[in-house]
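Below: one structure, written as structure tokens.
No lab work stands behind these numbers, since they all come straight from the coordinates. If you're wondering where the values come from, they're calculated on a predicted model, not measured in any experiment. All Cβ positions, glycine included, derive from the backbone under ideal geometry; neighbour counts span all protein chains shown.
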Amino acid sequence: MAVMREHPYGNFNFLVELGDGVEPAGPDGAFSEVSGLDVSIEVIEYRTGSDKVNSPRKLTGLTTYGDVTLKRGIIGSLRLWEWIEASIRGQAQRSVVITLLGEEQNPVMSWKLRNARPVRHVSGPLQGGSSDVAVEELVLAHEGLDIE
């Protein structure tokens, strides 16, 4: 799906599908921020005593995926909280798809989280003297990242 072009895309048009059949353009999939789309590959240094070079070889080790954080304004929906409760019962794995959109709202790239589950939920802060939007945050752990 990746659509290549000369100039970079903006980071402000995107959709999130939570893998539960909810329409991503609807309010349950409308988030103001997505962060943590990262992968790290460990390096294993190894050297035998008979190596002719006095430096270790670099071998590929384990691959780890960072937790992904989703933020949105509180809209009164309990769908994210219900997913947290399902996670507590061990029934929470879903595929989550984050889709970057171009200026015409067409998909240009997507990130798919495999076997994602919520591991943290934060509401607020709530402040009486502020005019900011009340925000909730959902942190997802996952077992793999595919980019298309």
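Points to keep in mind about this one:
- Long-range tail of P(r) for the chain (Cα pairs > 19 Å, %): 61
- Given R0 = 41 Å, the distance between the Cβ atoms of VAL133 and GLU6 translates into a calculated FRET efficiency of 0.70.
- Helix-only [θ]222 nm of the chain, DSSP H runs n ≥ 4, -39500 (n - 2.57) each, per residue, nearest 500: -2000 deg cm²/dmol
- Over region 1-74: Rg over Rh, Cα atoms, Kirkwood Rh: 1.25
- Formal net charge of residues neighbouring GLY73 (Cβ-Cβ distance under 13 Å; K, R +1; D, E -1): -3
- Of the chymotrypsin sites (Phe, Trp or Tyr not before Pro) in region 8-100, those whose Cβ has at most 15 other Cβ within 10 Å and which sit in DSSP loop: TYR9, PHE12
- Reachable aspartates and glutamates from LYS58, criterion Cα separation under 15 angstrom, eight or more residues apart if same chain: GLU42, GLU45
- Remark on region 103-142: hydrodynamic radius 13.4 angstrom, per the Kirkwood mean of 1/r across alpha carbon pairs.
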